[in-house]
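Worksheet: the structure to be examined is printed underneath.
The values are calculated or read from the model by the stated rules, or taken from the named source; none is laboratory data. Predicted model, so just to flag it, every value in this text is computed and none were measured. For neighbour counting, all protein chains shown are included, and Cβ atoms are generated from backbone atoms with ideal geometry for every residue, glycine included. The accessibility values were calculated without ligands, DNA or RNA, using every heavy atom of the protein model including side chains. Shrake-Rupley method; radii C 1.70, N 1.55, O 1.52, S 1.80 Å.
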Amino acid sequence: MNSYNELPKTYSPGDFEDKIYANWCEKGYFTPTIDHNKPSFTIVIPPPNITGQLHMGHALDNTLQDILIRYKRMAGFCTLWLPGTDHASIATEAKIVEAMRKEGITKEDLGRDGFLERAWAWKEQYGGRIISQLKKMGSSCDWSRERFTLDEGCSEAVKTVFVKLYDKGLIYRGNRIINWCPKCLTSISDAEVEYEDQAGHFWHIRYPFKDGSGYLEVATTRPETLLGDTAVAVNPNDERYKDMVGKMLILPLVGREIPVIADDYVEADFGTGCVKITPAHDPNDFEVGARHNLPVINVMTDDAKITEDYPAYAGMDRFVARKQIVKDLEEGGFLIKVDNYAHNVGTCYRCGSTIEPRVSLQWFVKMEPLAKPAIDAVRNKDIRFVPERFEKNYFHWMENIRDWCISRQLWWGHRIPAFYCDDCGETVVTKDASAVCPKCGKAMRQDPDTLDTWFSSALWPFSTLGWPEETEDLKYFYPTNTLVTGYDIITFWVSRMIFSALAYTDNVPFDTVLIHGLVRDAQGRKMSKSLGNGIDPLEIIDKYGADALRFALATGNSPGNDMRFSDEKIEAARNFANKLWNASRFVRMNLTIDQVALPAESELATEDKWILTELHKTVESVRANLDKYELGIALSSLYDFIWDIFCDWYIELAKTRLSDKESAGNIVCQNVIAYVLIETLKLLHPFMPFITEEIYQSLPHDDESIMIAEYPDAAKVPCFAEESEDMARVIDAIRAIRTRRAEMNVAPSRKAKVYIATKYDACFLAAAGFFARLASASEVIVADAFDAALVSGDNAVQIITDSAAIFLPMADIIDFEKEKARLAAEQKKLEDEIARIEKKLSNQGFVQKAPAAVVEGEKAKMEKYRENLAGVTAALAKLG
RNA sequence: GGAGGCAUAGCUCAGCUGGUUAGAGUGCUUGCUUGACAUGCAAGAGGUCACUGGUUCGAUUCCAGUUGUCUCCACCA
């Protein structure tokens, strides 16, 4: 026995995952040491909200990032994964306000400072929760560099950007129509509005002409906004209404005189062709109103009640007012008809309330000049999306971009660094905490609003590295490399990081955007609170371990595609971990050596050369797929190698040498099996960090931890093409014998002689022991050619493989009819295949145009099938 | 209204630049206490790769259309 740790009999991840993680942290492996001789590889985490709890989306996102980071770290890069959290202004403020409401306190009771004190206390209490949950996943983030979007450095970056943009004229303040959430009592950006189909009505209303010459019929889905109408518009080319443009109407219920105007915005064939224009409460109407210099009449308070200007409805909620107005219209004879009508209603992405378009004084970022370089960067491939198709999304959004409303009527966030003079109306934008009016010398009042959360998130890739300071980190780690995120956040975040980075750092923020899909439930539904179908990653970790969770999320995952999560998947993952555990336990218990070194080629057995060659191929495949961001394919090639090749074959082939400690090959085999296992553990480590570390520590090893070991390199794993072929022939033959025996229901305990006729006699002779162990052979007789006399009696089962004809003398149990039927079926199949290839080869087009290698391949295949067919035919003839 | 994804074994999905006897996991059937693992081993059944055209010597793979399905964007009062 060697001197390393034992592995417990059962795989019990809960016993070691936390311990291992603590050790990694303690050793400081996650914290890079800047080394200018090494290339850097940097990922900034998409900062989770401090209000958040770990869900499957985070789990997937972090698994993918950790795989890339651990791979690059082992592959020799100086690697930084920079973690942190987002203050999530609207979500957090809503949560705190809700908690206060339960205590009977309002924001106003506490005042701004009191509220912020409470918010920070809340952050201290809950903000760390999501971080500790990420640690359970095994995330190898550099926690010493952890950041928060509201910390000092990020705030400095935010102020710097704001002032810069303002000075360049790219930030302005103006009265515009914005999306207003009457519940959250704040503006929100266009991207934060979610549209949903709702059943509604189309009310047709009579607007009488002032001169008594009849009326116009106007249709609306929102009759309550009628109070703020300042015109009715028709299409200028609409013959029906041509003569009415310029005439005055009397607004029903209100009595105000409003004009009929002509504007291209109106489509003649939709509805009645007449549109009521309410500039204060509809974005399109706002624009029409601006073109025609119409007054903007606001009829609602900020919590969506009718204002005092309309006494009949004052104080009524908008939906109550709607009913009342419809009733009054009906009673006044203004209502013509009501149609049912399904339409899209904008809702607040946070609270779900119906959005109220509203005119108010807000800060905006002028987007067009910023968008252009951001579009170019992706077009030039300075930034690449994986998969590429998401570039379309990005371009579409960027090319149709509208100015970004960045002010929020919230307290939890970055306060807008603008100051106003109440006396002269002067505005000063400065990073300073206070300002004095340059005109009248009076103290100025700071804007009470805060910035959109995404304003600070947009700076995340560089604000976290110290920008605007020229820090060492910024110089070394920036631009970052890969950004990993879901497709649902491309517009909110990815695109804003890109234009921000280009505008302020003159550089791209990252070179690659790896997009992943959503994790859905077993039925394919989105996981959501309202459905209650969410799966808690922490519960999964408790039950199956973090490695199994990571495996389940990474395997079969292809970029940009959604995936389902199910019990079956996680169980399969756990079973794989268990398999690896037990295989390792087997290797471990057979080791007497204290150091592993690959033996010289001359000492290696054929099966050793075979497994090394298979390992070589696996290393190539894993690395190539990791480099292509095909993490799912990389992992499944590892899975196949470990389970189907290493466990099912190599371990079985190695058992003889391993169990006989005195045998000549024992030490050689120990070294080979340990070498292959250790290299495999390294390959697997980025995907399943805990179990690989635990096993690594129990085997002879060179590095203190597997996570700082060198990632396997195919160039360093020997490869023996010919011997590998030999082994494949033997395996093929063993499989064929097993298949025949299983078909005949021969118990494994019943041994039988095996006669093998082959031109590869040397390799089959050497493999005699394997036939005994794995194919129930009592004796193996190999000859270089078929000789009927070799076989005892005529009644042998005959098996034809690509490299051998095999005879199993089992006359007593052969069902001749079945045997004939089987051989006939095989004969037919081979004949069909041969016919197919013959047809192909007789096609001049194929022979002339197909690549020579393909044609040669087909010829070789046909040769092989012909040989097999001859064997099968002979066997059949023998049976009569 | 615009854009995109998906459609392959009963189920969940791979199959990445066209040439494979089309794969995996799971489920199903059969046989195994083979001294690492029953969370296992061995074997088997199961697919006109949605449909219709086109390009090509050759299409599950590329192109177009059709159908079904999901998503994103825009929002017409």
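Key figures
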item	result
30 Å Cα-Cα reach of A:LYS247 towards lysines, excluding residues that sit fewer than 8 places from it in its own chain	A:LYS210, A:LYS276, A:LYS323, A:LYS327, A:LYS337
Accessible area in square angstrom per residue, chain A, 1.4 angstrom probe	43
Amide H within-cut-off set for A:CYS274, under 5 Å, with H built and near neighbours excluded	A:ALA219
Residue-span extension gain [A:ALA824 to A:HIS292] - 0.36 nm each, minus C-alpha spacing	182.7 nm
Spin-label model distance (nm) - A:ASP302 vs A:SER602, 7 Å beyond Cα toward Cβ	8.8
Gain upon complete extension [A:ASP536, A:GLN595; 0.36 nm per residue less C-alpha separation]	17.0 nm
Protection proxy ranking, peptides A:55-68, A:431-444, A:193-206, average beta carbon neighbours within 10 Å, highest first	A:55-68, A:193-206, A:431-444
Per-residue [θ]222 nm for chain A (sum of -39500 (n - 2.57) over DSSP H runs n ≥ 4, rounded to 500)	-13500 deg cm²/dmol
Vicinal HN-Hα couplings computed from phi for region A:16-25 (Karplus, 6.51 cos²θ - 1.76 cosθ + 1.60; Hz; Gly/Pro x)	10, 4, 5, 4, 5, 4, 4, 5, 4, 4
Two-site label geometry, A:ASP167 and A:SER566: point separation in nm, points 7 Å out along Cα→Cβ	5.9
Whole-angstrom gap from region A:360-418 to region A:579-596, using each part's C-alpha centre	55
Simple spin-label estimate for A:SER663 and A:GLN446 in nanometres, 7 Å along Cα-Cβ	7.8
Cross-link reach list, lysines versus A:LYS617, counting only Cα pairs under 19 Å and skipping chain neighbours closer than eight places	A:LYS609, A:LYS628, A:LYS682, A:LYS716
FRET efficiency, 1/(1 + (r/R0)^6) with R0 45 Å, evaluated for A:TYR4 and A:ALA728 via beta carbons	0.85
Dimensionless Rg over Rh [chain A; C-alpha; Kirkwood]	1.11
Degrees between helix A:89-103 axis and first principal axis of chain A (Cα, 0 to 90, nearest 10)	70
Cut-off under 5 Å, modelled amide H: who pairs with A:HIS516 long-range	A:THR485, A:GLY486, A:TYR487, A:GLY560
Scaled radius of gyration (Cα, divided by 2.2 N^0.38 Å) that region A:1-94 gives	1.42
Cα-based reach from A:LYS102 at 15 Å (exclusive), listing aspartates and glutamates while leaving out same-chain residues under 8 positions away	A:GLU93
Rounded to whole Hz, the Karplus (6.51, -1.76, 1.60) HN-Hα couplings of region A:687-698, x for glycine and proline	7, 10, x, 6, 5, 5, 5, 4, 6, 3, 5, 9
Area accessible to solvent at A:PHE270, 1.4 Å probe radius, in Å²	110
Accessible area of chain A belonging to carbon and sulfur atoms, whole % at 1.4 Å probe	49
Difference of contour (0.36 nm per residue) and Cα-Cα distance, A:ALA835 to A:LYS247	203.1 nm
